[in-house]
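Colleague: Would you mind keeping the following structure in view while I ask a few things?
The values are calculated or read from the model by the stated rules, or taken from the named source; none is laboratory data. The model shown is predicted, which means the values in this text are computed figures rather than measured ones. Note that we place each Cβ from the backbone using ideal geometry, even for glycine, and neighbour counts take in every protein chain shown. Note: areas computed on protein heavy atoms with side chains; ligands, DNA, RNA excluded. Shrake-Rupley method; radii C 1.70, N 1.55, O 1.52, S 1.80 Å.
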Amino acid sequence: MTIAMPVPDAETLAKRERIARALRAIVPGAKGSGGGVIDAPEALRPWESDGLTAYRQPPLMVVLPETTAQVSAVLKWCHSEGVKVVPRGAGTSLSGGALPLADAVLLGLGKFKRVLEIDYEDRVAVVQPGVTNLAITQAVEGRGFYYAPDPSSQIACTIGGNVAENSGGVHCLKYGLTTNNVLGVEIVMMDGEIVRLGGRHLDPGGLDLLGVVVGSEGLLGVVTEVTVRILPKPETARAVLVGFPDAEQAGACVAQVIAEGIIPAGMEMMDRPAIHAAEAFVQVGYPLDVGALLIVEVDGPAAECDFLIGEIARIADANGAVTSRVSENEAERMAFWAGRKAAFPAVGRISPDYLCMDGTIPRRRLPDVLRRMDELSAEYGLRVANVFHAGDGNLHPLILYDANVPGELDKAEAFGADILRLCVAVGGVLTGEHGVGIEKRDLMPEMFSEADLKQQQRVKCAFDPELLLNPGKVFPVLHRCAELGRMHVHHGALPHPELPRF
Amino acid sequence: MLEPRDAADLAEIVADAAAGGRKLELRGGSTHAEFGAPREAELVSLAGLTGVVDYDPAELVLTVRAGTPLAEVQALVASEGQMLAFEPWGDAGATIGGTVAAGVAGSRRVTAGSARDHLLGLTAVSGRGEVFVAGAKVVKNVTGYDLPKLMAGSWGRLGAMTELTLKVLPRPREVVTMAARGLAPAAAHAAMACALGSRADVSAAAALPDGTVLLRVAGFVPSVAARCAVLPELLAGHCALEAMAEDEAAPLWWRAMTGEALHGAVRWDVHLPPRHAAELIGALPEGADWAMDWGGGRLWIGTDHEDEAVRESAALLGGEARLVLAPKAMRARVLAFHPRARGVLALEARVRRAFDPKDVFATGRFAEDAHADAV
């Protein structure tokens, strides 16, 4: 629990009842719905955390609007009163992006559940932000379409949250992240102004404001409508399961697959601890005598899949594969994935708690990174299991710990921070798909200089100059916007001791 | 023309201009100099910042300095069997930095994304005269704000990119054009929509006024063969399709992708929901010429009329029109970019000032920047 949040504002806490009254007037809630504002202390308990469960904080109150007009009125009122707001989709963020603050209103978009329009001719869907990722695919699959980004939380996570976090998934090497699949949004800014960015056509002129809103982790605006592209569902998909003596050979296989011009729909690697945990949990026949396991999936016309599976099997052989199985039917393909998809809960069975990290590295550095991770594991006395989006170099080390052992969470967090520093040191990044949130906030200076971070924060100031929207996330130091706007004549100014740091 | 040798040089030039209240216009190969209103500004050439910084094909990532000629970059990645998947194109002398800053994308954009989708990271000098880094040098990254999206297509209004990291992808082993003839615009659009919505994995779709429809099928040899075999059946209700020889297809694709060779002294680049493309063509003034790309999502319009009728039609159909070629007087009078809603324009002005508070790069090329305080 090393990450500190901003000190709650006493003035806001003191006017809690007045805030609740004002927001209830804006969002009374439908009859029998329990109301649009939740402020009873015991009722706030379910809202105190997101997917980063080590951190818990009941919000000041929860407000659940149902219309864009209500969202706008809530934000406008909070803006005029200087009350902070934390937006929340389904609350599945693994980085604490939706972690409540004691002095902030938690703005839940869960009631925005409608699919507004589907246009098969232009291949777009217009949906409200509370629609789940999977529900978009379900809405269009009858006509042979789907929505491509598929984060592993897709049955629960919502498209509004996906936009905020720029969510990826196992298929994103081939099909892109959220940002590559969104055409337009309606957002409400902190002062209540409603703005539409993008639309239903490609590449609008002017600055790409939509591009910077996607992945802004709820710090720039509240998304109230999303227009996404939908794609024709591939005719078929096949997977091959390949075991290697060690991760180095598996990594060489991945590099050669890509060098030979193949972009698989998915390419996942698991190390020995992850293989064993997954196999013990789901018993799908993963080989237990290998050091690394690859699942490579291709999709498209049957002729293409057959051809590529053959090529991949050939490349795997050439790189020292010791086991190789090709899926002969859909059930077998799903079985290959079952272990990988259950990897997190599987690790949850062999350890009371675990932390899931999310760095990306240049793939060629994988052997060095795994070796160093082993050393760190020994130094910290904590086990680690690795699952890895091998195609794009996105690592998910799972650090095993026991929260009931005093100090072990701190140790796990320190281990995790060391892994992320390592990712940056080899030319990679702090987060490939989970977001910075609070989890990686204080590590941002590992990757960005003060000048880089200030430039990012100036964009924040253009949207939310009072810094009321989702404060305490992403940026390790909160600079006042007036300070950031000033131009210094000299370079390398001293750090400002008067600034709040948390 | 100022010619900085590196980012530090450039930072000094920009800081000086900011302190002195002067305007700077950034140039790569100057191939888009006629875009936007006529203006007076000191020119800064980035053409001296050349060279490949890092390229490891198996990582799918290329880092290159901004002034490197586009043609050199394309030849380099082609030599490794790869490509810039957004299919950038330009006149001789175009640089990679200028091409990305102009948001140039070709026919494959409809399925593979635009320059914005392939710019992973950058080093740049802001209007404050500060060097900053954004994004990263790996294909998957969500750390911090996605400033590369803002810089792609920003036309040098925020800062000068000095180094770009781009995603590269394997070049298809086989490319076949399947073509239909004699289709009116509405029928052409319907055929393209059907093809792009099918499982035949068509990577580009274009149409021309003579009734030709072009569908591109690219990939591994057995896959291309299978998809070309099934396409005529899938489109049987729309048109008769057959393979077109590469030497016949290439100039047609070029025409649809670039809008070059259209009649008229005025050229518009219209982006709109594809379903309305035929209606827009129907509303064109007498004598106007057109080419359709992106399955109807992009319409190049050539005309001699110097009014904004095309822009008005595009707006009514949920799209927008960019003025890419016009006599000087018209460029002085008519905005290059489609007018944005008031709130968007105000937000855009604030974001621009977040990078360029002293309006160093607000040269008058885009009139909305000169009136930023009025919105």
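Table: residues versus (1) in contact with a helix residue (DSSP H, G or I) (Cβ under 9 Å, 6 or more places away or on another chain); (2) of a type outside the set (S, T, N, Q).
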residue: A:Ala302; (1), (2): yes, yes
residue: A:Gly310; (1), (2): no, yes
residue: A:Ala316; (1), (2): yes, yes
residue: A:Ser327; (1), (2): yes, no
residue: A:Arg333; (1), (2): no, yes
residue: A:Pro345; (1), (2): yes, yes
residue: A:Asp353; (1), (2): yes, yes
residue: A:Met357; (1), (2): yes, yes
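Colleague: Which of the residues that make up the stretch B:84-103 are assigned to a loop (DSSP other than H, G, I, E, B), within 14 Å of another protein chain (Cβ to nearest Cβ) and in contact with a helix residue (DSSP H, G or I) (Cβ under 6 Å, 6 or more places away or on another chain)?
Modeller: Matches in the stretch B:84-103: B:Ala85, B:Phe86, B:Pro88, B:Gly103.
For (1) of a type in the set (S, T, N, Q); (2) out of contact with any Pro (no Cβ under 6 Å at 6 or more places or on another chain); (3) modelled with pLDDT of 95 or more, each residue gets a yes or a no:
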position: A:Thr227; (1), (2), (3): yes, yes, yes
position: A:Pro232; (1), (2), (3): no, yes, yes
position: A:Ala239; (1), (2), (3): no, yes, yes
position: A:Val242; (1), (2), (3): no, yes, yes
position: A:Ala247; (1), (2), (3): no, yes, no
position: A:Val282; (1), (2), (3): no, yes, no
position: A:Leu294; (1), (2), (3): no, yes, yes
position: A:Gly300; (1), (2), (3): no, no, no
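Colleague: Which of the residues spanning the stretch A:188-219 are at the interface with chain B (Cβ under 7 Å from one of its Cβ atoms), open to solvent by less than 10 Å² (accessible area, probe 1.4 Å) and touching a Gly at 6+ places or on another chain (Cβ under 6 Å)?
Modeller: A:Val195
Colleague: Of (1) over 20 Å from the mean Cα position of the chain (by Cα); (2) under 30 Å from A:His171 (Cβ atoms); (3) touching a residue at least 12 places away in the same chain (Cβ under 8 Å), A:Asp410 satisfies all except one. Which?
Modeller: Every listed condition holds for A:Asp410 apart from (2).
Colleague: Pairs only if they're at least six apart or on different chains, beta carbon under 6 angstrom, first in the stretch B:253-282 and at the interface with chain A (Cβ under 9 Å from one of its Cβ atoms) and in a strand (DSSP E or B), second open to solvent by 10 Å² or more (accessible area, probe 1.4 Å) and of a type in the set (Asp, Glu); list them, first residue then second.
Modeller: That search, which allows pairs on different chains as well, returns B:His271/A:Asp203; B:His271/B:Glu320.
Colleague: What number of residues in the stretch A:429-449 are at the interface with chain B (Cβ under 7 Å from one of its Cβ atoms), open to solvent by 20 Å² or more (accessible area, probe 1.4 Å) and within 12 Å of the chain's Cα centre (by Cα)?
Modeller: 1
Colleague: Moving on to the next point. Across the stretch A:259-276, what is the number of residues that are under 25 Å from the mean Cα position of the chain (by Cα) and facing another protein chain (nearest Cβ under 10 Å)?
Modeller: The qualifying residues number 1.
Colleague: Which of the residues that make up the stretch A:402-421 are among the hydrophobic types (A, V, I, L, M, F, W, C) and either closer than 19 Å to A:Thr53 by Cβ or away from chain B (no Cβ under 14 Å) (or both)?
Modeller: Of everything in the stretch A:402-421, those that are among the hydrophobic types (A, V, I, L, M, F, W, C) and either closer than 19 Å to A:Thr53 by Cβ or away from chain B (no Cβ under 14 Å) (or both) turn out to be A:Ala403, A:Val405, A:Leu409, A:Ala412, A:Ala414, A:Phe415, A:Ala417, A:Ile419.
Colleague: Suppose we filter the stretch A:366-381 for residues that are in a helix (DSSP H, G or I), in contact (Cβ under 8 Å) with a residue 12 or more places away in the chain and either under 27 Å from A:Cys305 (Cβ atoms) or of a type in the set (Gly, Ala, Ser) (or both); how many remain?
Modeller: Filtering the stretch A:366-381 for residues in a helix (DSSP H, G or I) gives A:366-380.
This time we only want the ones that are in contact (Cβ under 8 Å) with a residue 12 or more places away in the chain, so: A:366-370, A:372-373, A:376-377, A:380.
From what's left, either under 27 Å from A:Cys305 (Cβ atoms) or of a type in the set (Gly, Ala, Ser) (or both): A:366, A:377.
Looking only at that region, the number is 2.
Colleague: Only one of B:Glu312, B:Glu368 is acidic (Asp, Glu), away from chain A (no Cβ under 11 Å), open to solvent by 10 Å² or more (accessible area, probe 1.4 Å) and not in a loop (DSSP other than H, G, I, E, B). Can you tell me which?
Modeller: Just one listed residue meets the conditions, B:Glu312.
Colleague: Of everything in the stretch A:153-187 that's in contact with a Gly (Cβ under 6 Å, 6 or more places away or on another chain) and part of a strand (DSSP E or B), which residue is farthest from the other protein chains (Cβ to nearest Cβ)?
Modeller: A:Thr158
Colleague: Limited to the stretch B:48-77, what total is found for residues that are buried (at least 22 other Cβ atoms within 10 Å of the Cβ) and among the aromatic types (Phe, Trp, Tyr)?
Modeller: 0
Colleague: Which ones in the stretch B:114-133 are within 7 Å of another protein chain (Cβ to nearest Cβ) and closer than 17 Å to A:Leu207 by Cα?
Modeller: Across the stretch B:114-133, the qualifying residues are B:Ser114, B:Arg116, B:Asp117, B:Ser126.
Colleague: Tally up the residues in the stretch B:176-188 that are open to solvent by less than 10 Å² (accessible area, probe 1.4 Å) and either closer than 20 Å to B:Leu284 by Cα or part of a helix (DSSP H, G or I) (or both), please.
Modeller: Adding up the residues that qualify gives 1.
Colleague: Show the residue pairs meeting these rules: Cβ distance below 9 Å; 6+ apart or different chains; first residue within the stretch A:286-312 and away from chain B (no Cβ under 14 Å) and within 17 Å of A:Leu173 (Cα to Cα); second residue crowded, with 19+ Cβ neighbours inside 10 Å and among the charged types (D, E, K, R).
Modeller: A:Leu294/A:Glu268; A:Ile295/A:Glu268; A:Ile295/A:Arg340; A:Val296/A:Glu268; A:Glu297/A:Arg238; A:Glu297/A:Glu268; A:Glu297/A:Arg333
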